[in-house]
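Only one structure is covered here, and it is reproduced in the block below.
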Amino acid sequence: MLLNRENITNAAVMIQPSLLSYSFNSPPRPVLLDVASIAADQILLLDSYFSVVIFHGMTIAQWRNMGYQNQPEHQAFAQLLQAPHDDAQVIFHERFPVPRLVVCDQHGSQARFLLAKLNPSATYNNANDMAAGSDIIFTDDVSLQVFFEHLQRLAVQS
């Protein structure tokens, strides 16, 4: 029912959530809905229409817990922490029903809200191929790439 009432942008977010990455090196940018998008020095903002998840990488969470954002020489870090919250507030003002906000850290219990939406390209089966600071998803599901490769093989065989 909500899908029929919403505009195209919100309907697309219901079908495929959007994931934004915030880092010191670049302005906020969209990234793939993939576990490879997780990095220790980034903040991710997942908008899945009914929930908004702000995910802090391991390094960002440690700096936040040490209180670096409260020190005057680390104003860039304070702005980096505030940017996803500002974007989430824009989403909250535009949308009804208002999405649930989940703020979590990498390897924290609430991180499941983000990990459940991501493509499991890095699982326990191929953990050796991962980049440092990234994450794995403990699942027996295949990644989207493996699914498409198998689909192509089946299409070629018939």
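The values are calculated or read from the model by the stated rules, or taken from the named source; none is laboratory data. Predicted model, so just to flag it, every value in this text is computed and none were measured. When we count neighbours, we look across all protein chains shown, and the Cβ atoms used for this are built from the backbone with ideal geometry, even at glycine. All accessible areas refer to the heavy atoms of the entire protein, side chains included, with ligands and DNA or RNA removed. Shrake-Rupley method; radii C 1.70, N 1.55, O 1.52, S 1.80 Å.
Table for the structure above
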item	result
Accessible-area composition of segment 37-115, carbon plus sulfur, in percent [1.4 Å probe]	54
Gain on full stretching of the segment that runs from SER51 to ALA76 - 0.36 nm per residue minus C-alpha separation	6.3 nm
Heavy-atom surface of the chain, accessible at 1.4 Å and reported per residue (Å²)	61
Built amide H within the under 5 Å cut-off of SER121, gap 5+	VAL35, ALA36
Nonlocal amide H pairs with VAL52, under 5 Å, H built at 1.01 Å	ARG100, LEU101, VAL102
Residue-level accessible surface for MET66, protein heavy atoms, 1.4 Å, Å²	120
Shape box of the chain [Cα atoms, principal axes, largest first, Å]	65, 45, 28
FRET E, pair ARG5, GLN145, Förster distance 25 Å, beta-carbon r, rounded to 0.05	0.10
Neighbour cut-off at most 16 other Cβ (10 Å), DSSP loop, chymotrypsin sites (Phe, Trp or Tyr not before Pro), segment 41-90	PHE50
